[in-house]
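Visitor: To start, I am sharing the structure in question, which I have written as C-alpha cells.
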Amino acid sequence: MEADELTGLMNRREFLLELGRQVLQSSEQKSGMGLMVVDIDKFSSVNAIHGFEFGDRLLQHMAMQLNQLAREGDLVARIGDNRFALILTRLKNRGHAELAVQKLFRLLDPPFEANAARMKIAATAAMALCPQHASQAEDLLRLAERAIHSARISGHNFLFPPDSRTEEFSEFWDMEIELSGALQRGELEMHYQPKVDCTDLRPVGVEALMRWTHRTRGSVMPDIFIPIAEQSGQIKALTIWALNTALRQASEWKHPFGRISVAVNVPAEMVSQHDLPDLVESAWNLWGSDGVELILEITERSLVSSPEHSFRILSRIRAMGVKVSIDDFGTGYSCLAYFKNIPADELKIDQSFIRGLLDDSASREIAGLIIELAHRFGLSVVGEGVEGAEVLEALRERKCDLAQGFLVAKAMSNDGIQRWLNNPTFEGTGLPLDPARFRIGIPVDVKTT
Ligand code: C2E
Ligand code: CA
Ligand code: CA
C-alpha cells in the first residue's frame, strides 16, 4: 500500500481503489457504509503562524484521532493537504453516522500542543452514506466533498449531502415513494428472531424485525428501508403497525414456554414524543395478553438530545409493565456511566462487539465489564449476533443472561416462529452444540439450572 509519508495513512489514489472495494463488499453483504471526510480548517494560517513543523505534528495528530475513531474494518486515509477520509463499515443508519462524527469532534476538542505552541483545532466534516446517498465510490466521495464545501460556506461544522429529490438521488426517491404505499399493499411483514437463556438455551422471547417484499425489487432489508422511513417521516406509521402486528401475532402463538417477550424496535425520534406511551397503551389494550411481555428496543441515540424528557417518557412506559431495552450497546459511542440512571431493564451488546469476543482479549475484558456493570445497575444483558458456539460459551462464562443470533436461529415468519417454538432445535446451524451441556430442544416449563 502506498502510504502518505508523514501520517502513514493511505493516499487519495489508493483510497479511491479501496473505497471501490468497500462499496462492493457492503452491497454484497447488504450492510450500510459511510464515507466521512474531514478538513482541518485554516490549515495554511496554522502553518503561517506556528510553522510547518507544527503543521506536520497537527496532521499526525489528526491521523491518530481518526485511527482511534476507526473500528475494526474501518479505513483511514489522507486524501488532500489538510483533508482526511474515514470509511465506516457496517454503519447501521444516519444516527450511528452522527454519533461517529460527534465522537470525532470530542476527540478533537482538547487543545493541541506541539513545539511549545498550543491551538484549538477547528475542523469541518461531511459524511456520505452508501447506499442512501450514492452507491458508487466516486459519487460518494464527490458528494462528501461537495457537502464539506457547503458546510464551510454555510457555517456548519458537519453536514450530510442533501437528501435531494433530483435525478441524482432517483434511487433514494423511488424507494421513498414505494415505501409509502408498502403498508397498504401488504408488502410488509414482521419476522421474529428468538432470544434464549444463555445457560439452558430455553427460548425466552423474540425480537420483531420488519421485512419488506417489494413486488418487483424483491426483498429489501431493513438496513436499507428503515433509514429512508426515518428521513421521510414514515417511520412512525411503520412503528405503530409493527407494534400492533407483533403483539397481535405473538398473543396467538401456542407454545410450551409460558410467558415470552416480544421486542419491538422504536426509532430515536419517537422516544422523545409525548404520544409514545399512549400508542403503546392502545396497542397493548387491543392485542396484549398474559402470555406476552412487551419490550421496546431503543438506541442510546434516543436519549442524547433531551435525556430527562426521554427518561420521563420511558418511565411512564415502564409503569405500564412494558420493558425497555437499550439496543446496539458497545458500538464504541456508548458511555456506560450514563446508563446508571436510565429507566431500562435490558441492555443488548452490539453484534460488532460480540464478534470481537474471540479475537482479542481487550474485547473479552470489556464485555465482562459491561455485563458486570449492567447487572449492578439491575439490567439484564443480551448478547446479539451470536453466530458460534464458542461465542455463546464466552458469554456464558461472563454471566451474560440471554443470547440472540444465527447460532440459535435467524428471524422467521410468523408461521416459522410458531413451528420453531414448538420444536426449538438448533440443527439448522450445523454447529457442534453439545446437547448434554446446553439442553437443546427440551421444552421446559420450569427453568432448570
Ligand atoms: P437490530 O435492531 O440491531 O436487529 C438485529 C439485526 O441483526 C437483525 O437484522 C438480525 O437479523 C441481525 N442478526 C441477528 N443475529 C445475527 C447474527 O448472528 N449474525 C448476523 N450477521 N446478523 C444477525 P435485520 O432484521 O436486517 O435488521 C437490521 C436493523 O434494521 C435492525 O437492527 C434495526 O435497527 C432495524 N429494524 C429492523 N426491523 C425494524 C423495525 O420494525 N423497526 C425499526 N425502527 N427498525 C427496525
Ligand atoms: Ca433491535
Ligand atoms: Ca441491535
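Visitor: Conditions: (1) modelled with pLDDT of 90 or more; (2) touching a helix residue (DSSP H, G or I) at 6+ places or on another chain (Cβ under 7 Å); (3) crowded, with 22+ Cβ neighbours inside 10 Å; (4) not charged (D, E, K, R). Leu201 meets all but one. Number of the miss?
Guide: Status for Leu201: all satisfied but (1).
Visitor: Would you confirm, using the coordinates I've provided, whether Ser251 is among the small types (Gly, Ala, Ser) and under 18 Å from Ile342 (Cβ atoms)?
Guide: No.
Visitor: From (1) more than 7 Å from ligand 1 (Cβ to nearest atom); (2) over 17 Å from Gly181 (Cβ atoms); (3) surrounded by 19 or more Cβ atoms within 10 Å (Cβ to Cβ), pick out the condition that doesn't hold for Arg248.
Guide: All conditions pass for Arg248, except number (3).
Visitor: Regarding Leu336, is this residue at pLDDT below 75, away from ligand 3 (no atom under 15 Å from the Cβ) and not charged (D, E, K, R)?
Guide: Yes: the conditions hold for Leu336.
Visitor: Also, I was wondering about something else. When segment 261-283 is examined, which residues are found to be more than 13 Å from Gly321 (Cα to Cα), modelled with pLDDT of 95 or more and surrounded by fewer than 19 Cβ atoms within 10 Å (Cβ to Cβ)?
Guide: Passing the criteria: Asp275, Asp278, Leu279, Ser282.
Visitor: Given the criteria under 28 Å from Phe160 (Cα atoms), more than 16 Å from ligand 3 (Cβ to nearest atom) and touching a residue at least 12 places away in the same chain (Cβ under 8 Å), does Lys254 qualify?
Guide: No, not satisfied.
Visitor: If you don't mind, another one. Can Asp345 be described as closer than 26 Å to Phe257 by Cβ and away from ligand 3 (no atom under 15 Å from the Cβ)?
Guide: Yes: the conditions hold for Asp345.
Visitor: Where in segment 183-245 are there strands (runs of 3 or more DSSP E), lying fully within it, with 3 or more residues that are under 20 Å from Ile295 (Cβ atoms) and free of Cβ contacts under 8 Å to residues at least 24 places away in the same chain?
Guide: Output list is empty.
Visitor: Residues in segment 260-268: is at least one under 30 Å from Leu201 (Cβ atoms) and more than 16 Å from ligand 3 (Cβ to nearest atom)?
Guide: Within segment 260-268 (the criterion being under 30 Å from Leu201 (Cβ atoms) and more than 16 Å from ligand 3 (Cβ to nearest atom)), the answer is yes, since at least one residue qualifies.
Visitor: Only one of (1) assigned to a helix (DSSP H, G or I); (2) touching a strand residue (DSSP E or B) at 6+ places or on another chain (Cβ under 6 Å); (3) among the polar types (S, T, N, Q) fails for Thr7. Which number is that?
Guide: Going through the list (1) assigned to a helix (DSSP H, G or I); (2) touching a strand residue (DSSP E or B) at 6+ places or on another chain (Cβ under 6 Å); (3) among the polar types (S, T, N, Q), Thr7 breaks only (1).
Visitor: Ok, one more. Filter segment 406-424 for residues that are without any contact (Cβ under 8 Å) to a residue 60 or more places away in the chain and assigned to a loop (DSSP other than H, G, I, E, B) and give the result.
Guide: The answer is Phe406, Leu407, Asn423.
Visitor: Another question, then. Out of (1) modelled with pLDDT under 80; (2) under 29 Å from Leu279 (Cα atoms), what's the single condition that is false for Arg312?
Guide: (1)
Visitor: Counting residues that are within 19 Å of Ser26 (Cβ to Cβ), which strands (runs of 3 or more DSSP E) fully inside segment 65-145 reach at least 2?
Guide: 75-78, 83-88, 123-130
Visitor: Which condition does Trp253 not pass, out of (1) within 13 Å of ligand 1 (Cβ to nearest atom); (2) modelled with pLDDT of 95 or more; (3) not small (Gly, Ala, Ser), if it passes all the others?
Guide: Condition (1) is where Trp253 drops out.
The values are calculated or read from the model by the stated rules, or taken from the named source; none is laboratory data. These numbers come from a predicted model, not from an experiment. When we count neighbours, we look across all protein chains shown, and the Cβ atoms used for this are built from the backbone with ideal geometry, even at glycine.
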